[in-house]
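Have a look at the structure below, then the notes.
The values are calculated or read from the model by the stated rules, or taken from the named source; none is laboratory data. Worth saying up front: this structure is predicted, and the values here are computed from it rather than measured. Glycine also receives a Cβ, built like all others from the backbone with ideal geometry; neighbour counts cover every protein chain displayed.
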Amino acid sequence: MTPAITADKLTKKFGDFTAVNQITFEVKKGEIFGFLGANGAGKTTAMRMLNGLSRPTAGQAEVAGFNVYRQAEKIKRHIGYMSQKFSLYEDLTVRENIRFYGGIYGLPGREIRRQEKELTASLGMEGYSNTLVKAIPLGWKQKLSFSIAIMHRPEIVFLDEPTGGVDPITRRQFWEMIYKAASEGMTVFVTTHYMDEAEYCGRVSIMVDGHIAALDTPRALKEQFGAESMNDVFLQLTRPNQ
Amino acid sequence: MRTILFIVRKEFLQIFRHKVMLPLIFLMPIIQLVILAHAADFEVKNINLYIVDNDMSQASQQLIGKFRACRNFNIVGHSFSSRVAYDEIQRGNADLFLEIPPHFQRDLLRKNKGSLQLSINAINGVQAGLANAYANAIIQDFNSQIRMEWASLAARPALPGLSVTFSNWFNPEMNYKTFMVPGILVLLVTLIGMFLSGMNIVKEKEIGTIEQINVTPIRKYQFIIGKLLPFWIIALVELSIGLFVGWLIFDIPVVGSLWLVFGFAAIYLLVVLGLGLLVSTITETQQQAMFISWFFLIIFILMSGLFTPIESMPPWAQSITRFNPVAYFVEVMRMVLLKGSNLMDIRHHVIVMLTAALAVNVLAVMNYRKTN
Amino acid sequence: MIMKQFGIFIQKELYHIFRDRRTLLILLGMPVVLVLLFGFAITNEIDNARIAILDESKGEMSREITQRLVASGYFLIDENLREVSEIEQHFREGKTKMAVVFPPDLQENIRRHLPAQIQLIADATDPNTATTLINYASAIIGQQLREQNHGQAAPMQINTEVKMLYNPRLKSVFMFVPGVMTVILMLVSAMMTSIAITREKELGTMEVLLASPLKPSLIIIGKVIPYILLALANTVVILMLGTFVFGMPVKGSLLLLGLECLLFVVTSLALGILISTRTESQQVAMLISLMALMLPTILLSGFIFPIESMPKVLQVLSNIIPAKWFIIIIKNIMLKGTGVGFVWKESLILTGMALFFIGASVRNFKIRLE
């Protein structure tokens with residue numbers, strides 16, 4: 001089986017600054033792949049190269065079987081993306097956002113309406129269809145963004161710090177949604193700086209200063225570093241002298 | 001095609017979500033049109049005249065009477081001192097003063113000549129020039145009148161029977177508003193179109209939603225067209241309302257074909273909106289976009305022949321106006337609406353606009369990068 | 001302590017402005033471009049107007065007059081027409097502005113001392129240009145006739161001596177420099193600040209600032225100080241251009257001029273702040289500034305169109321436009337060289353407006369916080 005994502009010495013430089021330094025990894029189909037690292041470690045930059053928003057400086061990568069240099073637009077047909085900056089239109093209602101993104105991805109009208117119903121029901125947001133996104137709580141916004149990002153059933157979904165700033169209960173619910181998507185065969189590529197969330201991932205890579213410092217299942221990593229939790233693994237990697 | 005419609009719908013929803021937008025886009029410009037058409041009047045009326053009459057004779061009274069009868073002049077005061085008159089100009093209460101020296105009448109009768117003095121506030125050169133022309137016409141008129149009345153003995157010069165007549169075509173009543181309203185309409189439609197489109201894409205950049213669009217398989221041309229269409233429609237609606245109001249309130253004649261006006265407007269708007277989107281693609285914040293748009297617009301407008309005739313610009317400035325879309329539309333509006341020019345008459349304008357529309361929009365599509 | 005925080009805050013605002021090179025370039029370059037345009041390109045003087053000649057007489061008279069028209073420098077012969085019907089075609093294509101028609105019997109009638117007419121036909125879509133062209137042409141033709149008459153002096157000739165005060169050479173730049181200065185100051189002070197503050201609201205950073213120990217009034221003042229500096233820099237540039245390139249005098253006191261500019265900047269800033277207290281989105285702030293500030297400032301302030309020529313309603317309306325008073329003040333100081341005695345009333349009006357705008361903003365601001 002071909003992997004969902006392969007990256008080979010993928011590099012991004014901004015002037016003299018190397019944001020991502022020769023990272024190499026593979027993500028299997030249907031896997032939940034955690035991309036960990038401190039703020040500024042290069043997670044978002046790496047993700048933006050994979051989903052076609054940013055052109056790599058060097059190295060190779062393929063997403064859903066397409067080359068990131070030559071076939072960026074083809075990649076976009078097969079992925080979903082939820083950006084760190086809030087990605088819904090605050091001045092549109094829940095329904096209008098759903099319809100807009102459904103339309104952009106070319107879903108037929110009937111399908112859009114079906115999803116709209118299903119989506120609001122599963123999120124417990126019936127009756128909020130005509131509410132402006134501006135007016136709904138952050139947790140709902142995040143769950144809504146995720147649902148919209150996978151409306152068109154992409155092969156791979158990229159989530160950039162999806163649970164930033166939301167309460168633990170919502171985070172829990174959010175991960176249930178991720179599991180559900182993965183169980184339907186979707187590949188999930190998720191960045192986070194919450195180390196407890198790393199435990200939910202199939203495999204995690206830990207980025208430090210632009211390169212990948214460790215990559216394995218959470219259990220293997222904990223064994224390798226002799227650590228109690230992923231948090232300890234992370235601390236050992238980022239502050240090796242202490 | 002369907003994708004474009006989804007974008008158009010979203011843009012419309014967003015534009016009119018702010019309740020103030022509807023009146024700002026449609027009502028304000030019309031109010032502006034009505035106010036500006038009245039304000040943008042180069043006709044010089046109500047010139048404030050101050051009189052210094054040191055002669056107090058029949059002749060001086062007759063001359064002053066002629067000024068009083070002229071509707072261009074307002075006599076605001078009398079004095080015997082030119083100092084006082086000068087102060088009145090200094091204070092801004094008078095625009096000019098006429099000084100009639102002592103013995104004006106006596107000199108006319110005995111020395112067969114007289115002299116007068118006009119002092120005009122010339123800060124506004126154009127106004128001063130016109131005031132001077134009006135005043136001189138009155139004085140000349142007075143001159144020939146007294147010649148007729150008092151000097152019946154003097155031989156009238158034997159002029160040949162040649163006279164000059166003139167006629168003013170297309171605007172025989174010399175109505176300045178007829179001239180200005182079509183131009184002001186261009187101004188308003190352009191302002192609204194350029195600013196709305198100029199701030200649009202950059203707004204999505206600022207808020208961050210552009211990322212979400214860029215990661216979708218949408219084609220660049222679809223995105224640009226989807227962004228352009230809503231403003232194109234708004235601007236055309238705006239133009240229709242404006243033309244209607246112009247016709248209703250200002251009696252703007254529609255000599256030529258309205259289809260031609262709208263057809264040209266449709267192409268022109270593609271240029272303006274394309275420029276706006278181009279600005280939007282090269283800027284990072286709405287503030288930046290606004291300033292760049294403002295910078296180009298003010299130059300476009302000042303060099304468009306809207307307020308001052310292009311013919312009176314120096315040659316280098318006239319060649320700059322060939323690259324100014326606003327100048328083309330102002331000219332076409334006036335030509336078609338007031339003179340009834342047809343498609344053949346404006347073919348050159350149409351070709352230039354079509355080329356510009358194509359170039360600007362291709363550039364906008366190329367400049368919009370989904371991948372950085 | 002507070003002063004130090006305040007200093008840091010202003011520093012942040014300055015960073016915002018200076019980091020954005022393009023905007024800065026435009027803000028500093030725009031006044032230069034505008035003044036140069038007004039000084040060199042935009043005039044109401046007419047020369048080299050294109051005219052068409054329809055000479056049906058083909059005699060000496062028509063030739064001489066045509067030559068004289070061209071020699072005057074006001075006219076360029078665009079076309080020699082053959083038929084009357086061609087005139088309308090030329091007007092519709094917009095090629096020419098006036099046609100001179102010499103009738104076939106012109107020469108003959110003059111010879112036989114019968115009445116003869118030369119006809120001037122103007123495209124009057126632009127009435128002022130039409131009037132000016134016809135006046136010029138009539139004067140030139142009249143002079144030609146007088147010369148042919150060997151200039152017999154008329155009796156009781158009145159000579160009028162005309163003095164053009166303040167601007168003897170009728171330069172339009174004298175009129176436009178104060179206007180451009182006003183527009184730029186308004187743009188930088190009112191439009192920029194209203195958008196800068198609304199931007200913080202739109203991006204949500206305003207809340208963060210308001211939560212800081214700095215007083216809201218200090219935050220607002222901190223936000224506007226950089227724009228005051230920018231506006232004053234623009235003033236200096238415009239004045240220097242006006243003085244050194246176009247020879248525009250500053251007859252009055254420079255200090256007074258500076259203070260009045262500061263007063264106008266403060267009034268405009270207050271207006272910008274007032275707009276920003278009422279709007280939530282940058283686009284709305286921009287449209288309001290544009291429609292309610294910029295256009296009236298350009299058109300109702302006496303910058304381009306004389307206020308006295310407007311209908312009474314607009315003359316009254318123009319009183320609420322700060323720019324009107326400012327233009328009166330700077331024209332007085334620069335061109336007439338008058339002192340405080342002549343501008344105190346206008347200055348007082350501006351001060352009153354500034355206080356009103358500030359009061360209204362504070363009130364709006366409080367309502368929002370409650």
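C:I328 passes every criterion in (1) within 21 Å of C:G179 (Cβ to Cβ); (2) without any contact (Cβ under 8 Å) to a residue 12 or more places away in the chain apart from (2). Would segment B:74-93 turn up any residue that is under 28 Å from C:I134 (Cα atoms), at pLDDT 85 or above and either in contact with a Phe, Trp or Tyr (Cβ under 6 Å, 6 or more places away or on another chain) or more than 7 Å from every other protein chain (Cβ to nearest Cβ) (or both)? Checked segment B:74-93: at least one residue is under 28 Å from C:I134 (Cα atoms), at pLDDT 85 or above and either in contact with a Phe, Trp or Tyr (Cβ under 6 Å, 6 or more places away or on another chain) or more than 7 Å from every other protein chain (Cβ to nearest Cβ) (or both). Within segment B:1-52, the set of residues being crowded, with 20+ Cβ neighbours inside 10 Å, away from chain A (no Cβ under 12 Å) and under 19 Å from B:S197 (Cα atoms) comprises B:L24, B:I25, B:P29. Segment C:283-370 holds helices (runs of 4 or more DSSP H) entirely within its bounds, and those carrying 3 or more residues that are within 12 Å of chain B (Cβ to nearest Cβ), modelled with pLDDT under 85 and over 19 Å from C:V265 (Cβ atoms) map to C:312-317. The conditions of being in a helix (DSSP H, G or I), over 25 Å from B:G305 (Cβ atoms) and within 14 Å of chain A (Cβ to nearest Cβ) are not met by B:P217. Can you confirm whether segment B:110-131 contains a residue that is more than 7 Å from every other protein chain (Cβ to nearest Cβ), modelled with pLDDT of 85 or more and surrounded by fewer than 18 Cβ atoms within 10 Å (Cβ to Cβ)? No, the conditions are met nowhere in segment B:110-131. Residues of segment A:171-189 that are of a type outside the set (S, T, Y) and within 14 Å of A:G30 (Cβ to Cβ): A:I178, A:K180, A:A181, A:A182, A:E184, A:G185, A:M186, A:V188, A:F189. Just one residue in the set B:L196, B:L185, B:L228 is more than 9 Å from every other protein chain (Cβ to nearest Cβ), over 30 Å from A:I75 (Cβ atoms) and crowded, with 21+ Cβ neighbours inside 10 Å; that residue is B:L185.
Of the set (1) out of contact with any Leu (no Cβ under 9 Å at 6 or more places or on another chain); (2) of a type in the set (A, V, I, L, M, F, W, C); (3) under 20 Å from B:A289 (Cβ atoms); (4) at pLDDT 85 or above, all apply to C:M240 but (3).
Just one residue in the set B:V245, B:V254 is outside any helix (DSSP H, G or I), surrounded by fewer than 21 Cβ atoms within 10 Å (Cβ to Cβ) and of a type outside the set (S, T, Y); that residue is B:V254. Within segment C:255-277, not a single residue is part of a loop (DSSP other than H, G, I, E, B), surrounded by fewer than 17 Cβ atoms within 10 Å (Cβ to Cβ) and either of a type in the set (A, V, I, L, M, F, W, C) or touching a residue at least 60 places away in the same chain (Cβ under 8 Å) (or both). Restricting segment C:140-166 to residues that are at pLDDT below 70 and facing chain B (nearest Cβ under 7 Å), the residue that is nearest to B:I146 (Cα to Cα) is C:M156. I'm trying to understand the selection: among the residues of segment C:70-89, which are in a helix (DSSP H, G or I), of a type outside the set (V, I, T) and under 29 Å from B:V330 (Cα atoms)? Residues satisfying the conditions are C:S85, C:E86, C:E88, C:Q89. When you check C:R92 against the structure, is it in a helix (DSSP H, G or I), among the basic types (K, R) and touching a residue at least 12 places away in the same chain (Cβ under 8 Å), yes or no? Taking the combined requirement at face value, the residue does not satisfy it. Condition test on A:E90, is it modelled with pLDDT of 90 or more and either within 14 Å of another protein chain (Cβ to nearest Cβ) or in contact with a Pro (Cβ under 9 Å, 6 or more places away or on another chain) (or both)? Here the answer is no, as A:E90 does not meet what is asked.
Among all positions in segment C:357-368, there is no residue which is among the aromatic types (F, W, Y) and without any contact (Cβ under 8 Å) to a residue 60 or more places away in the chain. Tell me which residues, restricted to segment C:35-72, are among the β-branched types (V, I, T) and at pLDDT below 85. Matches in segment C:35-72: C:V35, C:I42, C:T43, C:I46.
Only helices (runs of 4 or more DSSP H) whose full extent lies in segment A:125-242 are considered here, and the ones with at least 3 residues that are of a type in the set (A, V, I, L, M, F, W, C) are A:138-149, A:168-183, A:218-225, A:230-238.
Within segment A:130-149, the set of residues being out of contact with any Phe, Trp or Tyr (no Cβ under 8 Å at 6 or more places or on another chain) and within 14 Å of another protein chain (Cβ to nearest Cβ) comprises A:N130, A:T131, A:L132, A:K134, A:A135, A:L138, A:L144, A:S147. Of all residues in segment B:25-76, those that are polar (S, T, N, Q), out of contact with any Asp or Glu (no Cβ under 6 Å at 6 or more places or on another chain) and in contact (Cβ under 8 Å) with a residue 12 or more places away in the chain total 7. Only one of (1) touching a residue at least 12 places away in the same chain (Cβ under 8 Å); (2) within 9 Å of chain B (Cβ to nearest Cβ); (3) of a type in the set (A, V, I, L, M) fails for A:A58. Which number is that? With (1) touching a residue at least 12 places away in the same chain (Cβ under 8 Å); (2) within 9 Å of chain B (Cβ to nearest Cβ); (3) of a type in the set (A, V, I, L, M) applied to A:A58, the lone miss is (2). Across segment C:27-42, the qualifying residues are those that are β-branched (V, I, T) and surrounded by fewer than 19 Cβ atoms within 10 Å (Cβ to Cβ), and the one among them that is nearest to the other protein chains (Cβ to nearest Cβ) is C:V33. From the list B:I234, B:I298, the one residue that fits, being without any contact (Cβ under 8 Å) to a residue 12 or more places away in the chain, within 14 Å of B:T190 (Cβ to Cβ) and part of a helix (DSSP H, G or I), is B:I298. Starting from residues that are assigned to a helix (DSSP H, G or I) and surrounded by fewer than 18 Cβ atoms within 10 Å (Cβ to Cβ), keep the ones in segment C:110-139 and report whichever is nearest to the other protein chains (Cβ to nearest Cβ). That would be C:S138.
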